[in-house]
Every structure is written in C-alpha cells, then in structure tokens.
Amino acid sequence: MEPGGQDINLNSPNKGLLTDTMTEVPVGPSGVHMPADAAGASLPEGLTEAEAEELRAELVKVEEEILTLRQVLAAKEHHATELKRKLGQTPLNQLKMNLSRSLQEVQMSTAYKKTQETLSHAGQRTTAALSNVGTAISRRLGDMRNSPTFKSFEERVGSLKNRASSGGEGNGSPNLNSQDDKSQDSAPF
C-alpha cells in the first residue's frame with residue numbers, strides 16, 4: 001500500500017481502500033476514530049456525533065465487504081481462466097468463436113438481408129449492362145469489318161503475307177515498298 005492509505009496499482013483488489021491498520025486514521029477531538037475522508041470535515045446539519053459515528057462504522061463495514069467481494073471475484077476469474085486453459089480455450093479461440101457468432105448474428109439481421117438483396121439486384125443489373133455493352137461492341141466491330149476501308153486493309157495484309165511467305169523479290173526479302181504500298185501512304189490508318 002502507498003502512504004496515505006491508497007493503493008495505486010489499478011489491478012489490485014485493494015485499490016482506493018483504506019489500510020488495515022488504524023495508525024493512519026485520524027482521531028477526532030473527543031478521541032473518536034474518524035475515517036480519513038471525514039478528517040477535518042464538519043458534521044452535516046441535523047446529524048449528531050453518535051449518528052455520524054454509526055454511519056462511519058457502517059461505511060467501514062461496507063468497504064470491507066466490497067474488498068471481500070473483489071477478492072472472491074478475482075479468485076473466481078482466476079479459476080475460470082484455469083478451467084478454460086485446461087479445456088484448450090485460448091483467448092484466440094474465444095475471439096474466433098465470438099467473431100463467428102457475431103457474423104452469424106449479422107447475417108441473420110434484416111438489415112444484412114436487405115443489403116444482400118439490394119447488392120444482388122445491382123449485380124444483376126450490372127451484368128445485364130455489361131452484356132449489352134459487349135453486344136454493342138461486337139456489333140460495331142462486325143460492322144467495321146464489313147466496311148470497305150477494313151476490307152482494303154485486310155487485302156493489303158494478305159498480300160504482304162503472301163509476299164513474305166513466297167520469298168519476295170530478288171534477294172529473298174519481301175519488298176515492302178512496292179508500287180501498291182506507295183500509293184496508299186496517305187491512307188487514314
């Protein structure tokens with residue numbers, strides 16, 4: 001215990017309680033022992049010295065009971081911890097169980113169900129929209145493939161491929177600067 005009757009250890013069951021010795025308890029003018037918090041305090045109006053002494057005695061008794069209950073609670077908590085340890089219930093396992101239980105409770109809530117339905121509906125709409133975009137792009141690419149510009153480009157690529165595979169002109173390399181290619185240098189590609 002710290003001097004002055006206060007235990008500063010926050011985990012102590014004795015925190016904030018008076019010491020067991022009466023050496024720190026002030027003595028009133030009439031020789032009556034007074035609790036430390038009542039030292040120097042005047043009596044409230046309408047309260048006699050005998051009544052005050054009776055209340056002080058009751059306060060000491062209640063504080064002792066509180067101390068006893070704290071000690072019993074600490075012993076019970078220690079015993080519960082030991083039992084959990086013997087059962088293999090580690091704090092991590094307990095956390096997992098609590099999280100699992102909380103998740104189940106959330107999933108059973110109406111707010112979760114409504115949110116799930118809304119997100120499902122939004123997902124279906126998004127899928128439909130993306131499908132429509134894909135169809136539109138496919139249609140547009142098909143239209144572009146059938147355009148005269150694309151057909152002309154496809155023919156040129158085909159002729160270049162044929163020249164490259166046939167060995168080209170002269171030294172075996174394809175002649176990429178043929179007369180057909182020069183006329184198309186101003187093509188929009």
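GLN94: touching a Lys or Arg at 6+ places or on another chain (Cβ under 9 Å), more than 30 Å from SER42 (Cα to Cα) and part of a helix (DSSP H, G or I), yes or no? So GLN94 fits the description; yes. When you look at LYS61, is it part of a helix (DSSP H, G or I) and at pLDDT below 95, yes or no? Here the answer is no, as LYS61 does not meet what is asked.
ALA75 falls short on exactly one of the conditions (1) open to solvent by less than 70 Å² (accessible area, probe 1.4 Å); (2) at pLDDT below 90; (3) assigned to a helix (DSSP H, G or I), and that condition is (2).
The values are calculated or read from the model by the stated rules, or taken from the named source; none is laboratory data. Small disclaimer: the values here were computed from a predicted structure and weren't measured. Counting neighbours? That spans all protein chains shown, and the Cβs are built from the backbone with ideal geometry, glycine included. The area values use the complete protein model at the heavy-atom level, side chains included, leaving out ligands, DNA and RNA. Shrake-Rupley method; radii C 1.70, N 1.55, O 1.52, S 1.80 Å.
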